[in-house]
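Participant: This is the structure I have questions about; it appears just below.
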Amino acid sequence: MERRAIGSSALSVGAVGLGCMPMNWAYSASRQRGDESLRTVHRALDLGSSLLDTADMYGPFTNELLLGRVLRQRREDAFVSTKVGLLVGDQHVVANGRPAYVRRACDASLRRLQTDVIDLYQLHRPDPEVPVEETWGAMAELVRAGKVRALGFCALGARAARRARAGPHDTTIAQLRRLQQVFPVAAVEAELSVWSREALDALLPWCASRGVGFLAAMPLGSGFLTGTLTPGQGFEPRDLRARHPRFTAEMMAANQPIVAGLRRIAARHGERVTPAQVALAWVLAQGPWVVPVPGAKRERWVTQNAGAAGLRLTARDLAEVRALPPAQGSWE
Ligand SMILES: NC(=O)c1ccc[n+]([C@@H]2O[C@H](COP(=O)([O-])OP(=O)(O)OC[C@H]3O[C@@H](n4cnc5c(N)ncnc54)[C@H](OP(=O)(O)O)[C@@H]3O)[C@@H](O)[C@H]2O)c1
């Protein structure tokens with residue numbers, strides 16, 4: 001598989017990564033697939049999808065424990081990215097960016113991951129109670145201590161920024177500038193997909209101009225862009241999509257033209273090419289520093305998604321994606 005640099009750092013990964021979140025978090029039936037998840041991670045590494053994206057919060061903790069079982073056998077094949085700063089509380093998720101907590105959380109992640117170094121340690125969300133420089137400074141100490149190779153910042157707060165009437169990523173860029181004063185940001189993880197393109201306006205160009213890598217989260221639109229979900233199919237109550245405005249039967253039906261467009265493009269590239277692969281190839285086409293991290297718990301999805309690294313979209317394909325109707329259903 002083609003390799004891509006993490007911005008201007010000396011680190012590189014396979015062009016298509018693996019988002020491990022669905023194995024233990026967020027989506028339905030997440031918690032019943034331990035063995036298949038293990039096979040899925042091994043398969044990803046076999047195919048060169050070396051970037052394994054996890055977080056202490058996923059599970060919580062079980063996602064890192066699962067990866068630890070793989071990493072203890074084949075650490076050199078993997079690039080492990082985990083996150084700090086969000087905890088699962090009784091009622092909802094809470095932020096903690098206090099330096100002492102960050103230090104403890106890192107040691108705990110290292111133990112669960114069965115490794116002595118985390119390749120990319122990402123700040124999951126800034127803690128509104130703690131100046132972000134303090135949290136980032138504590139993370140920088142972990143790099144100096146050799147426990148972490150590079151630092152990343154998760155920018156999935158675009159919805160909150162929109163509510164605050166800032167541009168989708170204005171707040172993020174302001175925060176990134178503050179972080180850069182303290183310690184280099186090696187990568188930003190933000191949502192980017194055919195149906196969520198806000199990052200193209202300002203965030204992606206900002207990253208490109210400063211040598212900051214870009215990890216595209218939710219590149220498959222939480223599964224919608226693969227064309228395997230049916231309007232009205234329903235989701236388990238704990239599946240995030242059960243409460244998601246774009247996943248009501250009505251909105252899923254309204255957004256079918258987007259999937260149909262991806263299918264048309266896929267068909268031109270051969271009968272075995274899938275809409276999921278076109279959706280990932282589109283993300284890859286946004287710049288040589290962009291690495292999609294499609295989430296998957298099934299081995300066959302990982303195999304298919306890795307195949308997207310070899311799919312080159314033509315100018316006509318890209319123009320057709322640009323001309324697709326905007327997604328219906330607010331993210332707010
Ligand atoms: N930093 C953050 O705050 C943050 C937030 C969100 C996500 N992320 C990261 O981004 C990753 C990706 O986001 P995501 O998992 O939410 O969404 P996604 O990648 O857009 O979609 C994942 C869903 O697509 C399905 N899928 C994957 N490949 C497929 C294929 N080829 N054909 C059909 N279905 C396929 C998966 O099904 P199965 O589950 O059945 O395999 C899963 O339900 C996460 O895993 C996580 O690592 C980070």
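Participant: Can you name every residue in the stretch 215-247 that is open to solvent by 60 Å² or more (accessible area, probe 1.4 Å) and either more than 8 Å from the ligand (Cβ to nearest atom) or not polar (S, T, N, Q) (or both)? Break it down stepwise before answering.
Facilitator: So the first thing to find is which residues in the stretch 215-247 are open to solvent by 60 Å² or more (accessible area, probe 1.4 Å), and the list is 228, 230, 233, 236-238, 240, 243.
Matches in the stretch 215-247: 230, 233, 236, 237, 238, 240, 243.
Participant: Looking at (1) in contact with a strand residue (DSSP E or B) (Cβ under 7 Å, 6 or more places away or on another chain); (2) crowded, with 17+ Cβ neighbours inside 10 Å, which is the one condition that is false for residue 101?
Facilitator: (1)
Participant: Which ones in the stretch 56-101 are acidic (Asp, Glu) and at pLDDT 95 or above?
Facilitator: Kept after step one, since they are acidic (Asp, Glu), are these residues of the stretch 56-101: 56, 64, 76-77, 90.
Across the stretch 56-101, the qualifying residues are 56, 64, 76, 77.
Participant: For the stretch 70-141, which fully contained strands (runs of 3 or more DSSP E) count at least 1 residues that are of a type outside the set (Lys, Arg) and within 25 Å of residue 4 (Cα to Cα)?
Facilitator: Numbers: elements: 79-84, 86-88, 93-95, 118-123.
Those strands (runs of 3 or more DSSP E) span 79-84, 118-123.
Participant: Looking at 282, 301, 289 in this structure, which one is within 9 Å of the ligand (Cβ to nearest atom) and either open to solvent by 40 Å² or more (accessible area, probe 1.4 Å) or in contact with a helix residue (DSSP H, G or I) (Cβ under 6 Å, 6 or more places away or on another chain) (or both)? Before you say what the answer is, go through the steps one by one.
Facilitator: Details: 282 fails: within 9 Å of the ligand (Cβ to nearest atom); 289 fails: within 9 Å of the ligand (Cβ to nearest atom).
The conditions single out 301.
Participant: Hey, any hits in the stretch 255-265 for a residue that's open to solvent by 40 Å² or more (accessible area, probe 1.4 Å), touching a residue at least 40 places away in the same chain (Cβ under 8 Å) and away from the ligand (no atom under 12 Å from the Cβ)?
Facilitator: Scanning the stretch 255-265 turns up at least one residue that is open to solvent by 40 Å² or more (accessible area, probe 1.4 Å), touching a residue at least 40 places away in the same chain (Cβ under 8 Å) and away from the ligand (no atom under 12 Å from the Cβ).
Participant: Residues being assigned to a helix (DSSP H, G or I) and of a type outside the set (Val, Ile, Thr): count how many of those fall in the stretch 38-67. Spell out the reasoning first.
Facilitator: Applying the first criterion (assigned to a helix (DSSP H, G or I)) to the stretch 38-67 yields 38-47, 62-67.
Remaining after also requiring of a type outside the set (Val, Ile, Thr): 38-39, 42-47, 63-67.
Going through the stretch 38-67 one residue at a time, the tally reaches 13.
Participant: Considering only residues that are under 22 Å from residue 140 (Cα atoms) and either out of contact with any helix residue (DSSP H, G or I) (no Cβ under 6 Å at 6 or more places or on another chain) or more than 12 Å from the ligand (Cβ to nearest atom) (or both), which ones fall in the stretch 182-207? Reasoning before the result, please.
Facilitator: Of the residues in the stretch 182-207, the ones under 22 Å from residue 140 (Cα atoms) are 182-190, 206-207.
Once the filter is applied, which keeps residues that are under 22 Å from residue 140 (Cα atoms) and either out of contact with any helix residue (DSSP H, G or I) (no Cβ under 6 Å at 6 or more places or on another chain) or more than 12 Å from the ligand (Cβ to nearest atom) (or both), the stretch 182-207 yields 182, 183, 184, 185, 186, 187, 189, 206, 207.
Residues checked against (1) more than 16 Å from residue 86 (Cβ to Cβ); (2) modelled with pLDDT of 95 or more; (3) within 16 Å of the ligand (Cβ to nearest atom); (4) touching a Lys or Arg at 6+ places or on another chain (Cβ under 7 Å):
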site	(1), (2), (3), (4)
134	yes, yes, no, no
137	yes, yes, no, no
140	yes, yes, no, no
149	yes, yes, no, no
155	no, no, yes, no
159	no, no, yes, no
165	yes, no, no, no
170	yes, no, no, no
179	yes, yes, yes, no
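The values are calculated or read from the model by the stated rules, or taken from the named source; none is laboratory data. All values derive from a computational prediction rather than experimental measurement. Reconstructed Cβ throughout: ideal geometry from the backbone, glycine too, with neighbour counts over all protein chains shown. Side chains are part of the model used for accessible areas, which takes the heavy atoms of the whole protein and leaves out ligands, DNA and RNA. Shrake-Rupley method; radii C 1.70, N 1.55, O 1.52, S 1.80 Å.
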